[in-house]
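The block underneath contains the structure these notes are about, expressed in structure tokens.
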Amino acid sequence: MATLEVQGIHSFYGNIEALKGVSLCVNDGEIVTLIGANGAGKSTTLNTICGLVRPRQGTISLDGEVISGLPAHQVVARGVSQAPEGRRIFSRLRVFDNLEMGAFLRKDKDGIASDMERVFELFPRLGERRDQVGGTLSGGEQQMLAIGRALMARPRILLLDEPSMGLAPLLVQEIFSIVQIINAEGTTILLVEQNAHMALSVASRAYVLQSGSVVLEGTSAEVAGNPEVKRAYLGEG
Amino acid sequence: MRRRLSGPVDVTQLVVSGIGLVILLFVVYRLVATLMGGTYGVSTYASQAIFGLAQGGIYALIALGYTLVYGILFMINFAHGEIFMGGTYIAYFVIAAFDRSGFLESNPLLAIVATVATAMTASVILALGLERIAYRPLRRAPRLVPLITAIGASLFLQYAFRGLFGTGVKVYPDTHLHVAGIDILGGRYDIGGMVVRPIYFVVFLMAVTLMLALWILVQKTKMGKAMRAVAEDKDTAALMGIDVDRVVVLTFALGAALAGAAGVMFALYNKQVTHTMGFIPGIKAFTAAVLGGIGNVPGAMLGGFFLGLAESTFPTLLGLDSQLKDVIAFGLLVLVLIFRPTGILGEVLSRKRA
């Protein structure tokens, strides 16, 4: 059974159909990437999984249990957490408080403290700035905080929405290597990226989204080898 | 300011600055004249300032209700003055019963605590009812819609209380509580020709205590941090597992509890309770919230005390009739809106955000 299974979801913004029957699955321990151009529906897919957008049709299940239709705060409780597009950290809360908000539903104080230490190990710069308010962090640090905050929920599956956005190439490398470490430690990841090259290099499988539909899926190597993908997303040929 | 220096001279700005200068000159002139004239002694100003601090504490407590709700929903809850009135009104029946049974005389502290608790509970119930019935269905409506609804709710509550309890003035009973030989609730003492009412100190201290409690709640507790998270970004807060509706309910409840407590404190020295008693304090507290920078918790506290002090001391300081205190209060509002629309603390906050 797949960890996350999305079956034929249709999502709308008003009367505009943003997702036209998207299906995908993520198996336990995998990194799966969802690539596509601006406006293809990548973020909408993640927000529908998280419960921020309600699908009109289709089902989403986590470990076989249907989660579509639940409000966002209950989806988190089931084990889905997201580092949203544009980071969306709480700029007026301290780094420490941002992480505490990530663990909002957890009651195990010791577990929260040790997870926070783990986040500071993964991202030492956050540890140095734990008492600074989020708004004073650089873009890269904010991205680290967004990922750390999502990890604080101890999710079954972590959804990352464009972690490379607006970051310098070196920082992108750093973030992606940490994403791989997080995955190696047992967190299943669904990664949305415009930087297809980076995404395909860390993911085992990939889906290509175009105008609200999945137009191609396969292993990362297969997808990277597809001539259309090469032309449109990898800037080759 | 920067724009004014670099760009072409803006006529409106020039006129507005001129008006500001004239007002400033007038204020300085009257101030100097009054102080040089020496008509009033220090004791006059001191007693006015003491009253101003108590009144300011009341304004600050009510203003917090406006600012908390605005911070979360970007909506002005114009019925908040009626939440203040409702709690005070309901609690009147409790304290009047205590008075008749003799409990207020035999055990004043407990009686007052029970009265305050009643007012807080009644205010919270009113506010939560309002939120559930009038505001929540309009959460996604344009911002003007809940604003108009709030004005409607305000009138509804006023007339509901009028219909239920009549137009007559209810009077809070005289209360006395002796601490170290001083009647801290009902006493009046003559100290060097100055009449001192300890109740004003009590109200001021209670207000400060409640504000400290709120500050700790908002800054230090997990629920307080969740409130601030929701104020900043509702969707992301939901992604953390925060139930946004619950936080909104909590925010209304907190603001209402403060207003209810403020109502009893107000009635302890102001005595009279009517169905319209919430209107003026409500709109003054709104002014205080705007003065301090709406949405900003310390701003509401500061704005409340500032307005209370300004109202009580400015008429004398400027040599004006004390009847003009409302003119001064709302004049301040207009001036703040013209010269510093973000309020006293507003800009500091926006700089921090950037």
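The values are calculated or read from the model by the stated rules, or taken from the named source; none is laboratory data. Since the model is a prediction, treat every value here as computed from it, not as a measurement. As a convention, Cβ positions derive from the backbone with ideal geometry for all residues, glycine included, and neighbour counts pool all protein chains shown. Protein only, heavy atoms only, side chains kept; ligands, DNA and RNA dropped before computing areas. Shrake-Rupley method; radii C 1.70, N 1.55, O 1.52, S 1.80 Å.
Of the candidates A:G102, A:G135, the single residue that is surrounded by 18 or more Cβ atoms within 10 Å (Cβ to Cβ) and either over 17 Å from B:K222 (Cα atoms) or within 13 Å of chain B (Cβ to nearest Cβ) (or both) is A:G102.
Only one of (1) assigned to a helix (DSSP H, G or I); (2) open to solvent by 30 Å² or more (accessible area, probe 1.4 Å) is not met by B:D174, so which one is it? The single condition B:D174 does not satisfy is (1). Listed by first and then second residue, the pairs linking a residue in the stretch A:84-97 that is at the interface with chain B (Cβ under 7 Å from one of its Cβ atoms) and within 14 Å of A:L126 (Cα to Cα) to a residue that is open to solvent by less than 40 Å² (accessible area, probe 1.4 Å) and basic (K, R), with Cβ atoms under 8 Å apart and 6 or more places separating them unless they lie on different chains, are A:L93/B:K225; A:D97/B:K225. Can you spot a residue in the stretch B:274-283 that is open to solvent by 50 Å² or more (accessible area, probe 1.4 Å), hydroxyl-bearing (S, T, Y) and within 30 Å of B:F156 (Cβ to Cβ)? Among the residues of the stretch B:274-283, at least one is open to solvent by 50 Å² or more (accessible area, probe 1.4 Å), hydroxyl-bearing (S, T, Y) and within 30 Å of B:F156 (Cβ to Cβ), which makes the answer yes.
Taking the stretch A:182-237 on its own, how many of its residues are assigned to a strand (DSSP E or B), open to solvent by 10 Å² or more (accessible area, probe 1.4 Å) and under 18 Å from A:K42 (Cα atoms)? Reasoning before the result, please.
Taking the stretch A:182-237 and keeping what is assigned to a strand (DSSP E or B), we get A:188-193, A:205-210, A:213-219.
Next cut, open to solvent by 10 Å² or more (accessible area, probe 1.4 Å) only: A:205, A:210, A:213-219.
With the extra rule that they be under 18 Å from A:K42 (Cα atoms), the set shrinks to A:205, A:210, A:213-218.
Residues that pass the stated criteria total 8.
Condition (residue is more than 24 Å from A:V76 (Cα to Cα), part of a helix (DSSP H, G or I), open to solvent by 50 Å² or more (accessible area, probe 1.4 Å) and basic (K, R)) applied to the stretch A:106-125: is it met by at least one residue? Yes - at least one qualifying residue is present in the stretch A:106-125.
Quickly run through the stretch A:85-99 and pick out the residues that are open to solvent by less than 10 Å² (accessible area, probe 1.4 Å) and in a loop (DSSP other than H, G, I, E, B). Passing the criteria: A:F90, A:L93. Return yes or no: is A:G140 part of a helix (DSSP H, G or I), among the small types (G, A, S), more than 9 Å from every other protein chain (Cβ to nearest Cβ) and farther than 25 Å from B:R246 by Cβ? Here the answer is yes, as A:G140 does meet what is asked.
Test of understanding: among B:R188, B:R197, which residue is among the basic types (K, R) and either surrounded by fewer than 16 Cβ atoms within 10 Å (Cβ to Cβ) or under 30 Å from B:L126 (Cα atoms) (or both)?
Step by step, each of B:R188, B:R197 is checked, and only B:R188 is among the basic types (K, R) and either surrounded by fewer than 16 Cβ atoms within 10 Å (Cβ to Cβ) or under 30 Å from B:L126 (Cα atoms) (or both).
Has the stretch B:218-236 got any residue that is assigned to a loop (DSSP other than H, G, I, E, B) and on the phi < 0 side of the Ramachandran plot? Yes, there is a match, as at least one residue in the stretch B:218-236 is assigned to a loop (DSSP other than H, G, I, E, B) and on the phi < 0 side of the Ramachandran plot.
B:G168 versus (1) surrounded by 16 or more Cβ atoms within 10 Å (Cβ to Cβ); (2) at pLDDT below 95: which is the lone unmet condition? Going through the list (1) surrounded by 16 or more Cβ atoms within 10 Å (Cβ to Cβ); (2) at pLDDT below 95, B:G168 breaks only (1).
Within the stretch B:241-299, the set of residues being among the charged types (D, E, K, R), under 27 Å from B:R140 (Cα atoms) and part of a helix (DSSP H, G or I) comprises B:D245, B:R246. Number of residues in the stretch B:208-251 that are open to solvent by 10 Å² or more (accessible area, probe 1.4 Å), more than 10 Å from chain A (Cβ to nearest Cβ) and touching a Phe, Trp or Tyr at 6+ places or on another chain (Cβ under 9 Å) equals 0. When the stretch A:34-57 is filtered for residues that are under 14 Å from the mean Cα position of the chain (by Cα) and assigned to a strand (DSSP E or B), the ones remaining, listed by number, are A:L34, A:I35.
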